[in-house]
Structures are given as C-alpha cells and as structure tokens.
Amino acid sequence: MTREQEIALDWEEEKIDDPAHFLLHQGMRGIFEAEEMIEGDCIIIPKWELTIRPHVAKWTDQTVMLQFQVSSPKWERDIFETTAGIGSNLKNAFGTAIGGFAFSLMEGIASMEQDRNPETLHTTYGDTVHHWKAYKSNIVGLGESSPEMEESPYWETLKDEIAKRIGDQKLCYIKIYAAKHGDDITGECRINDISSPELGQMVADIASKWQVEGFASQKQFIFLLQSDDTYTPYPYQPEQIEDATHTAVRLFMECDTQEKYDSFPDLLAERLQDADLAQELYAFLPEICAEHAFDMLTYNEEMLLYRGDESFSVYRNQFSSYFMISSALFEGFRTGEFDDDIYKQYISVSSIYNVICQAKEQGADLVKDGGVLTLSYGMSEQYRFR
C-alpha cells in the first residue's frame, strides 16, 4: 500500500470534529516538495523561507472553502489564495480543496524555489528595462474535460500583455482562472491579486472554445521573479504610504484659495521629502475618488504619463504606490478619518470630472449614457518611475 493510499484510508476512517486542526496537522502534511514544520497556526518550510497560514473559511458535511496566506521575507508582498472542495463527505472535500492549492499555487512556488524550467521575460517600465524568470504551475482542472483543454495556452497567449503591466517588483504572481458551464463563460486574470478585465476577456475567449456539456474549469499560476541586477527595492512600506496619504489629504483640504492649491505640490514634496511620491499623491488621489464616483464609465487599463516632453504608456499595476495609496484613502473614508467634503473636493479637481463637464457642455451626458476614458497624468521632468 502506498503512502497516499494509507493517508486516504486514514481520512476515510477518521471523522473531522475540528476542521482547522485537521487542516493544519493532518490535511497538509507531506504534500510539499520540501520538509515542513508546524509553528503555532502556521506551516513553515525552512528551506524556502516560506510561511503558510491556512484557514477554514466555511464547511458543511460535503463542502469546504479554504483560505491560504503565503509569505516570505524574500518577497515584498504576501500571496493569498482561496480554494473550494466538494465531495461525498467532508474528508473528500478537504482532499479536493487541498489538492487545488498544492498542485497549482504551491507547485508553481516549488518550481520557482528550485529554478525549474524557467522562461525569460523582459519588460519596460517607463525608461527602465527589467529582466525576469517566469515559472508556470500545473494547470489544475475541475469538472469535465475535452481534448482541446489539454493544450490551453494561457502563458503563450497572455505573456506579451502581462509584460506591459509589470513594474519594478521583486515578485509578481499571476492567477488565471477559466470556466465554462453551458453558455456561461468566466475568464479571470489577476496580477498581484488585481483583476485585469482585458486579460480576463482573453482567458474567456480560450474557455469559449471548450467542447464540454457540463461544468469545466482550469486554474494556473505564473510567478515572475526579477533579477537582482534590474530590481530596485521600493523605499516605503504600506503604513508609510498610509501616513503620506493622510498628510496629502490634510494639506489638500487646507487649499482654500487657488494660490494655495497651485503651491500644494511643492509644499507636499517638502513635507514628505520625496518629490516623486508627492507627484503621485497629487495626481492619483483626485482620479481615484472620481473613478469610484463615476463607476458607470469604463476606464481603459492603459494610461498615459507625461514627463516633460516625453510620454509613456503605463498601467496601474506598474506603480509601486498606486494601490497602497488607494487602500489608504478608502480606509480613511471607512474609519471616518476623511469625510464626504474631502471626497467631493477631490472629485471637483479631477480630470475625469472635467471631461464629464466638457462633454455635457457639448450635449453628451457621460454619466447617463456611459463612455470610455483614458486617464493621463502629468509629472515633472525629474520624475522617477518606481
């Protein structure tokens, strides 16, 4: 009898009274390609400097939903993954969910840690070239299958578009999910857990060609590890960006004259002692508020950034600060640190609002009828892409 058969037999004979304990102490033991150990409520893989925090989010007698937080001091971000399992009993459901985690995300991490079959990728962010190694996980499927699903070319189809959306990070992870159930087709591509609708549509186009009658799905992870030769660590942690965002909002609300508003960027740069971050806060905050307010409009993922006389094609994912600024802003609104007046004031100075007003003067109602906008930002000649 193989070890896998022994484990399966043990699972069949054991009733799960404590799902969290079962997941940590039995369900995830021995499934990795390196030795693991348990510390508190975490699984540690010392060889890879990896910490896994598993959590049982929901369960019934035949279903389970698991959540995983994977972290390493070698990365500048944590990885989050959710998997679900359905079975004839809870033990079978656990097996499906754990297998989905182990043979997709963790298999991809194992490939990266062992430098197994990497592909090279070169990207450009602003005026800087970055070099990467790309590692692909297995493609894990659920439900029905058909011959054409065996050759689903996700990386080959998406890699050029993914490359456009990568900035200067040590690690980028891409999650691809495709599903089809009759005429209902789902395609999703997330870069560092941020969804790209345009790439998601490309994934959906692949799934639309599957010849299946019932439900079918596939999931794959891609890990991009940047060369130390081209990587420059970002100088701030999320809590520092949160502090900078609060400083920017407070200074903005003190601009009760046009003269003060005109001098605001220089004052913010002086206060933060960082002209690049000050320019990003000055440019991003009004558009973040306006995009949230006018969500009936469609915003192209590709944006334009002007640096003096130069123009660059950029994406939100490329800015190290963008989503930290956005999170800090809306957390401030959620906690009551910022009020509706701040929200309205930022909207009033946004380029989005300006375009809406100009269109209305010309007889077009973008708020009512919708529209597609491409955002642009103006920076100084000294601005550095980070």
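Answer yes or no as to whether residue 327 is within 26 Å of the chain's Cα centre (by Cα), surrounded by 20 or more Cβ atoms within 10 Å (Cβ to Cβ) and of a type in the set (S, T, N, Q).
Working: within 26 Å of the chain's Cα centre (by Cα): yes; surrounded by 20 or more Cβ atoms within 10 Å (Cβ to Cβ): no; of a type in the set (S, T, N, Q): yes.
Criteria not met by residue 327.
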**Extreme residue, farthest from residue 28 (Cα to Cα), among residues of the stretch 97-128 that are of a type in the set (Val, Ile, Thr) and surrounded by fewer than 19 Cβ atoms within 10 Å (Cβ to Cβ)** = 128
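Show me the helices (runs of 4 or more DSSP H) found entirely inside the stretch 294-376 where at least 1 residues are closer than 30 Å to residue 234 by Cβ and of a type outside the set (Asp, Glu).
Values: elements: 322-335, 340-348, 351-361, 366-369.
Hits in the stretch 294-376: 322-335, 340-348, 351-361.
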**Asked** For the stretch 145-176, how many residues are at pLDDT 95 or above and either loosely packed, with under 14 Cβ neighbours inside 10 Å or in the same structural domain as residue 85 (by TED's automatic domain parsing) (or both)?
**Response** 2
**Fill in**
Within the stretch 356-381, residues being more than 26 Å from the chain's Cα centre (by Cα), surrounded by fewer than 19 Cβ atoms within 10 Å (Cβ to Cβ) and on the phi < 0 side of the Ramachandran plot number 13
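Kindly provide the set of residues from the stretch 241-254 that are surrounded by fewer than 17 Cβ atoms within 10 Å (Cβ to Cβ) and either of a type outside the set (A, V, I, L, M) or touching an Asp or Glu at 6+ places or on another chain (Cβ under 7 Å) (or both), ordered by number. Walk me through how you get there before you give the answer.
Within the stretch 241-254, the subset surrounded by fewer than 17 Cβ atoms within 10 Å (Cβ to Cβ) is 243, 246-247, 250, 253-254.
Scanning the stretch 241-254 gives 243, 246, 247, 250, 254.
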**Prompt:** If a residue has to be closer than 19 Å to residue 78 by Cα, crowded, with 19+ Cβ neighbours inside 10 Å and of a type in the set (Val, Ile, Thr) to count, how many in the stretch 23-65 make the cut?
**Reply:** 4
**Message:** Checking the conditions here, which among 142, 121 is in a strand (DSSP E or B) and at pLDDT below 95?
**Reply:** 142
**Item:** Selected residue (only one of 266, 274 is of a type outside the set (A, V, I, L, M), over 20 Å from residue 375 (Cβ atoms) and exposed (fewer than 14 other Cβ atoms within 10 Å of the Cβ))
**Value:** 266
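Got at least one residue in the stretch 239-250 being outside any helix (DSSP H, G or I), touching a residue at least 12 places away in the same chain (Cβ under 8 Å) and either at negative phi or of a type in the set (A, V, I, L, M) (or both)?
The first filter runs over the stretch 239-250 and keeps only residues outside any helix (DSSP H, G or I), leaving none.
No.
Strands (runs of 3 or more DSSP E) wholly in the stretch 37-99 with at least 1 residues that are within 18 Å of residue 221 (Cα to Cα) - which ones?
Numbers: elements: 37-39, 42-45, 50-59, 63-71, 79-86.
So the answer is 50-59, 63-71, 79-86.
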**Message:** Take the conditions loosely packed, with under 14 Cβ neighbours inside 10 Å, within 27 Å of the chain's Cα centre (by Cα) and among the hydrophobic types (A, V, I, L, M, F, W, C) and apply them to residue 303. Does it pass?
**Reply:** no
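The values are calculated or read from the model by the stated rules, or taken from the named source; none is laboratory data. Fair warning: this is a prediction, and the values are worked out from it, not measured in the lab. Here the Cβ is made from the backbone with ideal geometry for all residues, glycine too, and neighbour counts use every protein chain on show.
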